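The values are calculated or read from the model by the stated rules, or taken from the named source; none is laboratory data. Only a predicted model underlies this, so the values are computations on that prediction, with no experimental measurement involved. Positions of Cβ are generated from backbone atoms using ideal geometry, with glycine treated the same way; all protein chains shown enter the neighbour counts.
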Amino acid sequence: MQEEFDTVLLSHDEERGVATVTLNRPDALNAMNAQIREDVVSAFGALEELDEGADGVAVRVAVIEGAGDRAFSAGADITEFGGGEPRVGPMSSVQDTIRGFGAPVVAKIDGYCLGGGLELAFGCDFRLASESSRLGLPESNLGILPGAGGAQYIARIAGPGVAKEVAMLGEHLPAERAGDLGLVHRVFDDEAFDDEVAAFVEELAGQPPLSMRAIKDSVDHGQGVPLREAIAYDRRVFPTLVETEDHAEGARAFAEDDYEPTFEGR
Ligand code: CO8
């Protein structure tokens, strides 16, 4: 399936269950204007519809990437700033859409990933970066703060000291430093980047989809509640997974040598 929105391309590989959402404003380094924010939300809406009509799940993994060879996204579209109108809400709603999407979402970062672009990537479950990528929160250079949680994500991942450094200095971090800080999951050589990302996505897509969705939901839910409550939540979800065909399939593969399991999301 392929669908074209004004500023976003959407494709879905039915066989692999992998969807790709491409931010498609390469001439503006995929800066996030109002249209692109709307289109990202629409693209994920279309994927949810696919899932609803599927026997099992249609989408095992969604990948977000930037068109062109220069940027994932250089942030919110600065030309739309001004007039004192706060645009934090719409950017946050894009993140909410991605965080609320059932399947894991991978940010494929190749090039600049700045401001709202990095905040979009923080809304994803995985961040994979090419070695030459540059990541940062340059909002302070514009006299504002990262309005969609950029500094808060960094504070939780790497600590408040790092968050203040990255957000206050507004520098572009080399991918490797971002990797050392835990802000991205993997950094791959530029030449091998596409293949390495494809292999990572393939591996994720081969995992039992309902298990992936339950883990995403459980970990995200657990961030906002005391540990005891988070564990109680997992304990309630656990029996629902025990009843799935995929669990039976995994157990069979464990018991029988030479049996390759296929997980259908049922
Ligand atoms: N918005 C709009 N257009 C952009 C943006 C942007 N964020 N970034 C780049 N562009 C455009 C440029 O204007 C240029 O367009 P044109 O060719 O028509 O002149 C084109 O993309 C190419 O960019 P450059 O010529 O600048 O390319 P360089 O290689 O010289 O520089 C940089 C690349 C360093 C990435 C540079 O473009 C840059 O600094 N961009 C701005 C980065 C930035 O400050 N991002 C943060 C924006 S603020 C934000 O994201 C806040 C989000 C929080 C939610 C909302 C709160 C209000």
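A few comments on the model shown:
- Qualifying residue in the stretch 121-137 (condition: among the polar types (S, T, N, Q) and part of a helix (DSSP H, G or I)): no
- Residues located in the stretch 142-155, provided they are out of contact with any Leu (no Cβ under 9 Å at 6 or more places or on another chain), near the ligand (Cβ under 9 Å from one of its atoms) and assigned to a helix (DSSP H, G or I): 142
- For the stretch 196-252, filtering for residues that are assigned by TED's automatic domain parsing to the domain that holds residue 59 and of a type in the set (Val, Ile, Thr) leaves 2.
- For residue 3, the test of being modelled with pLDDT under 95, over 27 Å from residue 147 (Cβ atoms) and touching a strand residue (DSSP E or B) at 6+ places or on another chain (Cβ under 9 Å) is passed.
- Number of positions in the stretch 57-74 that are in contact (Cβ under 8 Å) with a residue 60 or more places away in the chain and out of contact with any Pro (no Cβ under 7 Å at 6 or more places or on another chain): 3
- Scanning the stretch 110-143 for residues that are surrounded by fewer than 21 Cβ atoms within 10 Å (Cβ to Cβ) and under 11 Å from the mean Cα position of the chain (by Cα) yields a total of 1.
- Considering 25, 60, the condition of being of a type in the set (D, E, K, R), crowded, with 21+ Cβ neighbours inside 10 Å, within 23 Å of residue 146 (Cα to Cα) and modelled with pLDDT of 95 or more is satisfied by 25 alone.
- Answer residue from the stretch 81-110, given it is at pLDDT below 90 and of a type in the set (D, E, K, R) and is farthest from residue 202 (Cα to Cα) among those: 85
- Among the candidates 164, 216, residue that is among the basic types (Lys, Arg) and crowded, with 16+ Cβ neighbours inside 10 Å: 216
- Boolean, residue 82 is small (Gly, Ala, Ser), surrounded by fewer than 24 Cβ atoms within 10 Å (Cβ to Cβ) and without any contact (Cβ under 8 Å) to a residue 24 or more places away in the chain: yes
- Spans of helices (runs of 4 or more DSSP H) in the stretch 156-213 with at least 3 residues within 16 Å of the ligand (Cβ to nearest atom): 160-169
- Selection within the stretch 187-236 - without any contact (Cβ under 8 Å) to a residue 40 or more places away in the chain and hydrophobic (A, V, I, L, M, F, W, C): 192, 198, 199, 214, 215, 219, 225, 227, 230, 231, 232
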